[in-house]
Amino acid sequence: MKPLMLHGHERAITQIKYNREGDLLFSCAKDHTPNVYYSLNGERLGNFIGHSGAVWCIDVNWDSTRVISGAGDNTCRVWDLERGVNINTITTSTAVRTCMFSFSARMLMYSTDKSMGRFCEIHIVDTRDKRQMEGSDSAMVIPVNSSKVTSAQWWHYDDGILSAHEDGTIAIWDVKTGECLKRVKGHNHNINDLQYNKDYSLFITASKDTTAKLFDADTLEHLKTYKTERPVNSAAISPIREHVVLGGGQEAMDVTTSSVKAGKFDARFFHLIFEDEFGKVKDHFGPINSVAFHPDGKSYSSGGEDGYVRVHNFDPSYFEFQLEF
């Protein structure tokens, strides 16, 4: 399983994401410039120039016409995908940590960091309202007075926001009232990533407490735990098999003190139901910061602290593999 190595960034990757069809792969990093590639052959189609700080999040709408990105330069930007042009800039009071289009793309969500005496906030913006898209107003501002949001997704299509927090909690917010509908303690440490399965009935979280956990998306009931020995930065669920992939490793600030082997920078595969680890993929020369399955389940990608995005196409033996129990 030799990967395609995509080197479009000069600094650490922060997030990678496929579009709905899976023909495009997006990446953002700490070097200010998000990229877009053909996922089939790794050809870089272009980049989005405009940010002046580390870009923490990226998303694409359902018909692949608009891209949204959030960065440490206190802006959330909307781009025309075909032309690579910045068409809207929303200025914020602090860094933008998460951003995402709603399922209909009529709304977008972004969250800001807790810093400089300001609380973390979740903003809901109507993409059809010019004033809101210019940053003058928001359809809803949800103040998060507790720990800051580190990862977020839309919940029940466009009805709510599912958020993961720095203190290990998971919460559901009503986008119409701003009310917190439910909150649970999911992890003992910072949650780094939160991703749904294919039908949005389950989601997986990745945490600094060295575990990834599977939850019911409606009730937030904890279902499964996948244990490792190093912080988990990202986790994804296969759309076609009962498998999950975890990415992480020793923290970036400590990488120089150990070898690649000791840092455990492998992508690790677990069975979704039985929680057993059955495979590893060794590639990156530092922690893996983001992982994503292709929508067809025949490949996955990983982005690391080394600045590379690697696209792995599964060998035929992967699809024949059956875990014995």
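Readers should treat all values here as calculations from the given coordinates under stated rules, not as data from a laboratory. Just so we're clear, the structure is a prediction, and the values are computed from it rather than from any experiment. When we count neighbours, we look across all protein chains shown, and the Cβ atoms used for this are built from the backbone with ideal geometry, even at glycine.
Loop only per DSSP, at most 14 neighbouring Cβ atoms within 10 Å: give me the trypsin sites (Lys or Arg not before Pro) in region 98-130, ordered by residue number.
When the trypsin sites (Lys or Arg not before Pro) of region 98-130 are filtered for loop state and at most 14 Cβ neighbours within 10 Å, R106, R128 remain.
Of G186, G22, G247, which is the most mobile in a GNM of the chain whose springs link Cα atoms less than 10 angstrom apart?
In this elastic network of the chain, the residue with the biggest mean-square fluctuation among G186, G22, G247 is G22.
Between W62 and D167, what length comes free when the chain is fully extended (0.36 nm per residue of separation minus the Cα-Cα distance, one decimal in nm)?
Separation in residues times 0.36 nm, less the Cα-Cα distance, equals 34.7 nm.
In sequence order, what are the phi-derived ³J(HN,Hα) couplings for region 218-230 according to the Karplus relation 6.51 cos²θ - 1.76 cosθ + 1.60 with θ = phi - 60°, rounded to whole Hz, with x for glycine and proline?
Listing the rounded values in order: 7, 9, 6, 6, 6, 10, 9, 10, 10, 9, 10, 10, 10 Hz.
L223 versus E324, label points 7 Å from Cα toward the beta carbon: distance in nm?
2.7
Measuring from label point to label point, each 7 Å out along Cα→Cβ, what is the R183 to E251 span in nm?
Each label point is offset 7 Å from its Cα along the Cβ direction, giving 2.5 nm.
May I ask for the net charge around S238, where only other residues with Cβ less than 12 Å from the Cβ of S238 are counted and Lys, Arg are +1 while Asp, Glu are -1?
Once positives and negatives cancel, what remains is +1.
Treat the count of other C-beta atoms within 10 Å as a stand-in for reagent exposure and order L223, L81 from fewest to most.
L223, L81
Starting with the fewest neighbours, write out L40, L323 ranked by other beta-carbon atoms found within 10 Å of each beta-carbon.
So the ranking, lowest neighbour count to highest, is L323, L40.
If you average the C-alpha positions of region 1-60 and of region 137-171 separately, how far apart do those two centres end up, in angstrom?
24
Using a simple spin-label model with points 7 Å from Cα along the Cα→Cβ vector, what separation in nm is obtained for D216 and K2?
Those two pseudo-labels are separated by 4.7 nm.
Once amide H atoms are built 1.01 Å from N in the peptide plane, which residues 5 or more positions from Y18, or in another chain, come under 5 Å H to H?
The list, which skips near neighbours in sequence, is F26.
Given the Cα-Cα distance of R11 and H156 and 0.36 nm per residue of separation, how much length would full extension add, in nm?
Additional length available on full extension: 48.7 nm.
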